[in-house]
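Encoded as structure tokens, the structure appears first; notes follow it.
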Amino acid sequence: MATTSIEQALPSSKRYMVSKKRQELVIRVIATLICLAGLVIILFPLVWMISTSLKTRAEVAKFPPVWIPAEAQWHNYRDALTGNNRFDLYFKNTLYYSVGATLGETLSCALVAYGFARLRAPHKNKLFVLVLATMMLPGWVTLIPQYIMFSKFKWIDTFYPLIVPRFFGSAYLIFMLRQFYKGLPKDYEEAGLIDGANYFTIWWRIILPLSLPALGAVSIMSFMYHYQDFFGPLIYLSSQKNYPISLGLQQFQAPFGGTAFHLLMAASVVTIIPPVILFFLAQRYFIQGIVVSGVKG
Amino acid sequence: MATQTLPSGKKKESSWALLPSNKLARREAIWFWVFISPWVIGFLVFTLYPILASAYYSLTVYNISSPPRWTGFDNYVSLWKDRVFWKSLQVTSYFTLLSVPLGIVLGIALAVLLNQKVPGVGVFRTLYYLPSLMAGSVAVALLFSWLLNPQFGVINLFIRNLVGTNGLIPLGWNGPRWLQDPNWVIPAYTMMSLWGFGSTMLIYLSALQGVPTALYEAAEIDGANRIQRFFRVTIPMISPVILFTFITGVIGAFQQFTQAYVISNGDGSPAYASMFYNLYLFLNAFRRYRLGMASAQAWILMVIVLLLTVAMFWVSRRYVYYESDEEGGI
């Protein structure tokens, strides 16, 4: 009796399976199509940016627009980056303070995160809550006193205000690194202590080499931020010889529609190339960084 | 600093002691303070002192060249009467209300789609993330001011070809004047910020992949359809992530500055429609050198963000599901 009922049930459950499979296939196809359409929309501005950067000034103003320039005007790039706009200098300035800030930030966060992740001390958790709380704090509250402080140091129009504060850690990156450190086995410290090492040696000789991927993620996030930062340079740098690319780009903008969009777009393309290359080289670190920050938030 | 040196050394310390009495624990705690000293110094010098100092400056008239002059709450009173200040608050709130929820909905929607065993997820993930690498940069601000140009911009070209006078569906609508029309400025900025939604999407995608399949199977056996499974399983399971992106989104939106500064040439035009809160703060501080007034604005901003954050946490208590975590939270 039992067997017959199963046999009776079987065909219909098979049919159910087939229809379910088909349904899933349909959903997959639709999902893929929507994702593709979204991709076209998302990437269009970038394509348009590149296309505009290769047009002549006349083609830029043409209506309806020229999709692909008749002849690629590669000299736009030379024109945009030289002359009044010293982009070679701007790049050098940007790299100088970005690298400095990134080094300082990575090093200090690696230290601080180690303390919070792996050492025990009274009030540690309360302090860490304070670290997290500073993440919620709008940076603008500290802006004006910091500006006054730096101007008293005579640091205005130097790179110091953009680099020095980075040597004191930043909450978000401390949080990320702490998550990573917490995942390492506790045995390292125990073994190190038995061998007579102190915590600094353990951190420097054992933990840091093990956390290179996490440090990579943190330094990339830090670099990307400083590379594109507009606000810090806007406030602290005033002479053109100190300009970074973000301020250099802004100079292209002319009032009343006089902006030379083909040159502006050429310069913009050049400025976004380094982050894009960095991204493709170190994609894994990027994704790791973002995912850690979100999921454990 | 050392408190009672009890022989057992077992949790009998005064709760205010910074260092335990046990020798090993004490050594560890000293190292803890050494390791976190950069942050402690940074916190005192670059966070705590500035917060207190800006509270003081906010009660003075100060233009950096002469010493601050105490005026009590005058700055706050004049901000209260300042129509541009209220406008800046309104512009920022409108932008936040529009861009943050849209970004979250878009992020979840796309993450769910990509999670449907779409072929080449890796490629999609990379390419969708690409714009958020540069979102917020000057290059993107200028790119969008070009795309949104009412005469020559591509976005209006599409609109015109679709619903313009001679378009596919001739409704005679030739597209808004975007950044030049006070009513369309904030939607335009919202578009710009949505363009960088890839990073939020990645966060959701990894959250979705963390939802145990057993839950979906159980729901399916109980007869839940796809939509029910989405709202009864997926959303509750990723609710902590939604809360996280919501809070960081609101804080971020309240600090919108670069794009508005670059596009409006720093004056919040047209008709103050892009006078974001921080743009006005910046103008008061660094164009008019009213540092006292700007400090008052900064303090008001801090209080607003603080209240919003607390409110979001408080409201979310009922709706956010946390798995029990043996580590005890954070």
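Taking only the alpha-carbon atoms of the stretch A:127-208, what semi-axes of the equivalent ellipsoid follow from 5 times the gyration tensor eigenvalues under a square root, in whole Å, largest first?
One finds semi-axes of 35, 17, 9 Å for the stretch A:127-208.
Based on DSSP H assignment, which helices of chain B show an axial Cα extent of at least 24 Å together with a mean Kyte-Doolittle hydropathy greater than or equal to -0.5?
B:23-42, B:83-114, B:235-254, B:291-316
Over the heavy atoms of B:Met302, what accessible area does a 1.4 Å probe trace out, to the nearest 10 Å²?
20
May I ask for the Rg/Rh ratio of chain B, computed from Cα atoms with Rh as the Kirkwood radius, given to two decimals?
Rg divided by Rh gives 1.07.
Given the whole protein assembly as supplied and a 1.4 Å probe, what does the accessible area of B:Tyr321 come to in Å², nearest 10?
So the heavy atoms of B:Tyr321 present about 110 Å² to solvent.
What is the magnitude of the charge dipole of chain A about its Cα centre, with +1 placed on the Cβ of each Lys and Arg, -1 on the Cβ of each Asp and Glu, and no other charges, expressed in debye to the nearest 20?
560
At q = 0.17, 0.22, 0.29 Å⁻¹, what is the log10 ratio I(q)/I(0) for the stretch B:17-62, with the Debye formula run over Cα points and no solvent?
Log10 of I(q)/I(0), two decimals: -0.62, -0.76, -0.93.
How large is the accessible surface per residue of chain B, computed with a 1.4 Å probe and reported in Å² as a whole number?
It amounts to 49 Å² per residue over chain B.
Could you pull out the pairs from A:Lys126/A:Lys182; A:Lys124/B:Lys23; A:Lys92/A:Lys152; A:Lys186/B:Lys23 whose alpha carbons sit more than 22 Å apart here?
From A:Lys126/A:Lys182; A:Lys124/B:Lys23; A:Lys92/A:Lys152; A:Lys186/B:Lys23, over 22 Å: A:Lys92/A:Lys152.
So how do A:Ile273, A:Ile220 rank on accessible area, 1.4 Å probe, biggest first, that is with the largest at the start?
Heavy-atom accessible area, descending, gives A:Ile273, A:Ile220.
Report, to the nearest whole %, how much of the accessible area of chain A belongs to carbon and sulfur atoms, 1.4 Å probe, protein only.
67
So for B:Ser239, A:Ser238, B:Ser199, what's the accessible-area order with a 1.4 Å probe, most first?
The ranking, largest first, comes out as A:Ser238, B:Ser199, B:Ser239.
If I model a spin label as a point 7 Å beyond the Cα along the Cα-Cβ vector, how far apart are those points for A:Phe153 and A:Ala72 in nm?
Once both label points are built, they end up 4.6 nm from each other.
Using a 1.4 Å probe, how large is the accessible area of A:Leu263, given in Å² and rounded to the nearest 10?
That residue has around 40 Å² of solvent-accessible surface.
Convex hull over the Cα atoms of the protein assembly as shown, averaged projected area in nm²?
Its average projected convex-hull area is 38.2 nm².
Taking chain B as a Gaussian network, Cα atoms linked when under 10 Å apart, which of B:Trp299, B:Trp178, B:Trp314 shows the biggest mean-square fluctuation?
The residue that fluctuates most here is B:Trp314.
Buried accessible area for the A:B pair, summed, 1.4 Å probe, in Å² rounded to 100?
For A against B, buried area totals roughly 9200 Å².
Compute the signed sum of charges (Lys and Arg +1, Asp and Glu -1) over the other residues within less than 12 Å, Cβ to Cβ, of A:Ile235.
-1
With n ≥ 4 as the cut-off for DSSP H runs, can you work out [θ] at 222 nm for chain A, using -39500 (n - 2.57) per run divided by the number of residues, rounded to the nearest 500?
When only DSSP H runs of four or more count, the value is -23000 deg cm²/dmol.
How long are the semi-axes of the ellipsoid equivalent to chain A, from square roots of 5 times the Cα gyration tensor eigenvalues, in whole Å, largest first?
Working through the eigenvalues yields semi-axes of 43, 40, 16 Å.
Just to make sure I understand: if all protein chains stay in place, what is the order of A:Glu190, B:Glu220, A:Glu105 by accessible area at 1.4 Å, largest first?
Putting A:Glu190, B:Glu220, A:Glu105 in descending order of accessible area: A:Glu190, B:Glu220, A:Glu105.
The values are calculated or read from the model by the stated rules, or taken from the named source; none is laboratory data. Being a predicted model, the structure only gives us computed values, none of them experimental. Every residue, glycine as well, gets a Cβ built from its backbone with ideal geometry; the counts of neighbours run over all protein chains shown. Calculation scope for accessible area: heavy atoms of the full protein, side chains included, ligands and nucleic acids excluded. Shrake-Rupley method; radii C 1.70, N 1.55, O 1.52, S 1.80 Å.
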